[in-house]
Amino acid sequence: MGYPQQPPGGYGPPPGGGYGGGYGQQPPQPQSSTPMVLSIIGIVCWFCCSPAAIALGLIAQGQYRNQGQSDTLAKVAWIGGIVALLIGIGVTVIRLSAASSTGTSY
């Protein structure tokens, strides 16, 4: 009795049809609407609380990236929050300097 004949040029396929799933790919992640909702709420927060817009936009951006989706809406939310915050600070400084130069109080 001899060993079974091997194909020329190397080893044959592993017995049993190969290995199971292994570590090749991760299962697809379910798509969630949470990042979109956070982004939209962040955009609404531009007008009332820009630091919240920045925080919600950054959280949404991380969730978009975890899902492998485009994070443009989240960027709009947090960048708009920064712009709104800077405008608010600028208006406050201008109003305070105008009030101090004219002697009136707001």
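If I filter the stretch 2-25 for residues that are at pLDDT 65 or above and not in a loop (DSSP other than H, G, I, E, B), do I get at least one hit?
No; the residues of the stretch 2-25 include none that is at pLDDT 65 or above and not in a loop (DSSP other than H, G, I, E, B).
So, in the stretch 33-69, exactly how many residues are part of a helix (DSSP H, G or I), open to solvent by less than 60 Å² (accessible area, probe 1.4 Å) and not polar (S, T, N, Q)?
The number of residues fulfilling the criteria is 13.
Criterion first (modelled with pLDDT under 90, surrounded by fewer than 12 Cβ atoms within 10 Å (Cβ to Cβ) and in contact with a helix residue (DSSP H, G or I) (Cβ under 8 Å, 6 or more places away or on another chain)) does residue 105 satisfy it?
Criteria met by residue 105.
If you take the residues in the stretch 58-106 that are of a type in the set (Val, Ile, Thr) and closer than 16 Å to residue 39 by Cα, which one is nearest to the chain's Cα centre (by Cα)?
By that ranking, first place goes to 59.
If I ask for residues that are aliphatic (A, V, I, L, M) and in contact with an Asp or Glu (Cβ under 9 Å, 6 or more places away or on another chain), which ones from the stretch 57-106 would you list?
Matches in the stretch 57-106: 60 only.
Restricting to the stretch 70-105, what's the tally of residues that are part of a helix (DSSP H, G or I), of a type in the set (Ser, Thr, Tyr) and over 29 Å from residue 30 (Cα atoms)?
5
Would you please name the residue that is surrounded by the most Cβ atoms within 10 Å (Cβ to Cβ), looking only at residues in the stretch 76-100 that are within 20 Å of residue 62 (Cα to Cα) and in contact (Cβ under 8 Å) with a residue 24 or more places away in the chain?
Selected residue: 77.
The values are calculated or read from the model by the stated rules, or taken from the named source; none is laboratory data. Every value quoted in this text rests on a predicted model; they were computed, and no experiment measured them. Positions of Cβ are backbone-derived with ideal geometry, glycine not excepted, and every protein chain shown enters the neighbour counts. In case anyone asks, the SASA skips ligands and DNA or RNA and just uses the protein heavy atoms, side chains included. Shrake-Rupley method; radii C 1.70, N 1.55, O 1.52, S 1.80 Å.
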